[in-house]
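The values are calculated or read from the model by the stated rules, or taken from the named source; none is laboratory data. The structure displayed is predicted, hence computed values, not measured ones. Note that each Cβ is placed from the backbone with ideal geometry, even for glycine, and that neighbours are counted across all protein chains shown. The accessibility values were calculated without ligands, DNA or RNA, using every heavy atom of the protein model including side chains. Shrake-Rupley method; radii C 1.70, N 1.55, O 1.52, S 1.80 Å.
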Amino acid sequence: MTSLADALAAMEAGRLTPAALLDRCLDAIGRRNGELHAVLHLDEAAARQASSMPRRGALGGIPWGIKDTFDVAGLPATANSRLRAGRIAPADAALVGRLRRTGAVLLGKLATWEFGTGTGAEHFDLPAPPARNPWDTTRFTGGSSTGAGVAVATGMALFAIGSDTTGSVRLPAAATGCCGVVMTPGRLPLDGALPNTFSMDRPGPIAWTAEDVAIVMDAVCGTSLRLAGAAGVAGLRVGVLRDPGPGFPAPDGELATALEDGLAILSRLGARIRDAALPWPAAMCLDAARLIGAAESAAIHERELRESPDVMGAALRDKLLAGSGVRAVDYLAAQRFRRAFTDAVEALWEEHDVILSLGALHLPPLLGVEPESTAYTSETMLTPASLAGLPALVQCNGFSGGGLPLHWHAMARAGGEAALFRLAMAYEAATPWRERRPA
């Protein structure tokens, strides 16, 4: 297995062909997907045809996959739901079109929770079984972009695209040891993606390294994140949220220790570390996001819930039923809180370039064990960035004694992705974690 950056360098030097790289990914899919369930719809013929063409574009020859909530012309678009069985996408989602123009080679569609949403619980009642964590196949992958993290961690794809409302890119990245990013809203298009909410959805890439994510974003958005990341962290102002605050439990000890160890490394590299505080605790952000997300999801899927609730999986049905009961006054109160929180967060950037914290507060739990799975999904420090529309990333910062990946979470002001990649790429270069892959 290799990183995206290494693969591009090898192809530029003539040491690797796109066809040979594709063969590596297809071999990984053939060996592991029957156990891990990361790929829902493989389009091998189209991928082989694309990889046989002369290389073109910034990502020429790089195999990738996309969550099965995005349309890909001619491929099934089921979103892992019986309600969409047999649906074939008539056209590419806008983001798929952008990535095709970079020369990247699409492998197919990746596993997701039904409709890309749910409660965090796995009930084993969907058309495809839940994706398995490659570090320990008895463990949860996070959601809802479940297949994206698994595919990247195992070398089935060199990067993947998921979607994130309150953590659905960042949680799978955390659980599988990858780097997952959400950009400032509007940087990546949502046209052609099945919506989860009206107001908080964002597409996002998952790759093995922060440098790999920067390469993908530079190719798709015309940014210069790889160059910015190479600048290092000397002088970068890093605010730290050590305490999750009222309403959440204390984090697992190994996650807290890894945060402190990582801060020591950043300090040695020249970052300016100081404590920070959110204007309101993350648990309050979660309460607001739950009201907004559940109500908007229920509005989007009102007809399906009314006509076919018995065809839905339990997690989707439970969320939509809860959302249908949200009062208008409570939805509006949550939106007012969101506006106030977004405005108040602006004051943080007067003293900090990046806010660093834990992501999830727990290690990935056993798959199908409740309430641990829903706690892993909901008890996180990810929601403030979702509520305020801030760019954010998760990256691996070590491994537990049991061999599970650890992680931290960073967010920056709107438009401040360069600061995120300065931190993430400098930390990555100074640590050995990217050398370790799941067996």
For this session: Counting only heavy atoms of the protein chains, get the accessible area per residue of the chain (1.4 Å probe) and round it to a whole Å² value.
Result: 36
Exercise. Just how large is the dipole of the chain about the Cα centre, in debye to the nearest 20, putting +1 at every Lys and Arg Cβ and -1 at every Asp and Glu Cβ?
Worked result: 880
Seminar exercise, completed: Heavy-atom accessible area of the chain with neighbours in place, 1.4 angstrom probe: carbon+sulfur share in percent works out to 52
Exercise. Based solely on its DSSP helices, what 222 nm [θ] is calculated for the chain when runs of n ≥ 4 H residues each add -39,500 (n - 2.57) and the sum is averaged over all residues, nearest 500 deg cm²/dmol?
Worked result: -12000 deg cm²/dmol
Exercise. Where a ≥ b ≥ c are the square roots of the eigenvalues of the C-alpha gyration tensor, would you call the stretch 130-265 rounded, which needs a/c under 1.5, or, failing that, prolate if a/b is larger than b/c, or oblate?
Worked result: rounded
Problem set entry | Whole-angstrom Cα spans of the chain along principal axes, big to small | 59, 54, 39
For this session: Round to a whole angstrom and tell me the spacing of the C-alpha centers of the stretch 167-194 and the stretch 216-265.
Result: 16
For this session: In a Gaussian network model over the chain where Cα atoms closer than 10 Å are linked, find which of Asp212, Asp261, Asp68 has the largest mean-square fluctuation.
Result: Asp261
Exercise. In the neighborhood of Ala153, defined by Cβ-to-Cβ distances under 13 Å, what is the net charge if each Lys or Arg adds +1 and each Asp or Glu adds -1?
Worked result: +4
For this session: Report, in debye and to the nearest 20, how large the dipole of the stretch 48-182 comes out about its Cα centre when Lys and Arg carry +1 and Asp and Glu carry -1 on their Cβ.
Result: 520
Problem set entry | Which of Glu435, Glu346 is most accessible, then next, and so on - probe 1.4 Å | Glu435, Glu346
For this session: Take the alpha carbon gyration tensor of the stretch 10-141, find the square roots of its eigenvalues, order them as a ≥ b ≥ c, and report rounded if a/c is under 1.5; if not, report prolate when a/b exceeds b/c, else oblate.
Result: oblate
Problem set entry | Positive minus negative residues near Val72 (Lys, Arg vs Asp, Glu; Cβ under 10 Å) | -2
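In the neighborhood of Val394, defined by Cβ-to-Cβ distances under 13 Å, what is the net charge if each Lys or Arg adds +1 and each Asp or Glu adds -1?
Taking every Cβ under 13 Å from that of Val394, the sum is -1.
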